[in-house]
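Inspection log for the structure reproduced underneath, given as structure tokens.
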Amino acid sequence: MARFLLRFDDIAPGMNWNVWSQVERILEDSGVSPLLAVVPANADPELNVAEPHSRFWEQVRSWQLRGWSIGLHGFEHRYTTRSSGIVGRNPYSEFAGLSEAEQRRKLEAAIGIFRQERVTADAFVAPAHSFDETTTGVLKDLGVECISDGYALHPFVCRRGLFWVPQQIGRFRPLPFGVWTVCLHINQWTGRDVAAFRGNVAAYRSRIVSLAEVRRRYGGRNKHFSDRMFESSFRLLRALRPQPSPVETCTSHSS
């Protein structure tokens, strides 16, 4: 039976708090523990769609105390290169293609903000799904050993010792098996989107899992041949799909 992990990207002070308050209530009422991808020092104006939350970091701490997972969503959410990195989903990146020194500077600053705000990075979530081997090496050095990205049927530990939780879909789908991360962006949601989300959570609740549950079950699993076959097939399917423009992708779909 398929399992689903919910990931919300672009969590920042100026996010859509009106929609988020409704989404948060649905998560609380259903007992779902999501992965929230928090931007440490947002410098992307596209993520500012509401008045900044004056007690943002207090809110982030409360989520983590509740048992929800917090992802390190890059550093500033600014794209500075034209590299698609390991995953190859988007041809622009905040990290991929930069020197190790520059990537280390950004990641140390990002993790430093989390530490200053007493927040633990449970996983790394790259803006635009774009990062490279240098990024993963620096993350490993800095103690962030979970990556929320990539294509596979099940989470696995790579040869570098990093735990990969694949992120494959952007909406709920009736899938027969595997572990699927549903990546959601709520800044442009309407009341209809919230209602659809409520219905999906109710319909899929028995199969929704937390990042902590995924780590307990798959934390010792190595990458299998079946994962490599799935990755190749999934990449081919994505390559055949029309791709959104960078503006569309950065604002609502693939951050």
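The values are calculated or read from the model by the stated rules, or taken from the named source; none is laboratory data. Everything numeric in this text was worked out from a predicted model, so none of it was measured. Here Cβ is always computed from backbone atoms with ideal geometry, including for glycine, and neighbour counts include all displayed protein chains.
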For this session: Being under 22 Å from Trp180 (Cα atoms), more than 17 Å from the chain's Cα centre (by Cα) and at pLDDT 95 or above narrows it down to one of Ala101, Ala37, Ala109, Ala2, so name that one.
Result: Ala2
For this session: Any residue in the range 108-129 that's under 26 Å from Gly88 (Cβ atoms): show its pairings with residues that are polar (S, T, N, Q) and in a helix (DSSP H, G or I) at Cβ separation under 9 Å, as long as the two are six or more apart or on different chains.
Result: Asp122/Gln64; Phe124/Thr135; Phe124/Thr136; Ala126/Thr135; Ala128/Thr249
For this session: Filter the range 51-80 for residues that are free of Cβ contacts under 8 Å to residues at least 24 places away in the same chain and not in a helix (DSSP H, G or I) and give the result.
Result: Ser54, Arg55, Thr80
For this session: Go through Val144, Val125, Val165, Val182 for me and flag whichever is buried (at least 20 other Cβ atoms within 10 Å of the Cβ), at negative phi, among the β-branched types (Val, Ile, Thr) and in contact with a His (Cβ under 7 Å, 6 or more places away or on another chain).
Result: Val125
Seminar exercise, completed: Scanning the range 194-212 for residues that are in contact (Cβ under 8 Å) with a residue 60 or more places away in the chain and surrounded by fewer than 16 Cβ atoms within 10 Å (Cβ to Cβ), the one farthest from Arg171 (Cα to Cα) turns out to be Ala212
For this session: Tell me, please, whether a residue that is under 22 Å from Asp193 (Cα atoms) and of a type in the set (Lys, Arg) can be found in the range 69-85.
Result: no
Problem set entry | Output for the range 47-69, where each listed residue is more than 21 Å from Asp122 (Cα to Cα) and buried (at least 17 other Cβ atoms within 10 Å of the Cβ) | Leu47, Val49
For this session: Considering (1) at pLDDT below 95; (2) farther than 25 Å from Gly14 by Cβ, say which one Tyr204 fails and leave the rest.
Result: (1)
Seminar exercise, completed: Condition set in a helix (DSSP H, G or I) and free of Cβ contacts under 8 Å to residues at least 40 places away in the same chain, scope the range 1-50, selection nearest to Glu108 (Cα to Cα): answer is Pro45
For this session: Taking Glu133 as meeting all but one of (1) under 22 Å from Thr81 (Cβ atoms); (2) without any contact (Cβ under 8 Å) to a residue 60 or more places away in the chain; (3) buried (at least 16 other Cβ atoms within 10 Å of the Cβ), write down the number of the exception.
Result: (3)
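Yes or no, residue by residue, for (1) closer than 17 Å to Val32 by Cα; (2) in contact with a Phe, Trp or Tyr (Cβ under 7 Å, 6 or more places away or on another chain):
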position	(1), (2)
Leu139	no, yes
Trp180	yes, yes
Arg192	no, no
Arg198	yes, no
Exercise. Out of the residues in the range 213-231 that are free of Cβ contacts under 8 Å to residues at least 60 places away in the same chain and loosely packed, with under 12 Cβ neighbours inside 10 Å, which is nearest to Leu72 (Cα to Cα)?
Worked result: Arg216
Exercise. Among the candidates Arg89, Arg118, which residue alone is surrounded by fewer than 16 Cβ atoms within 10 Å (Cβ to Cβ), out of contact with any Phe, Trp or Tyr (no Cβ under 7 Å at 6 or more places or on another chain) and assigned to a loop (DSSP other than H, G, I, E, B)?
Worked result: Arg118
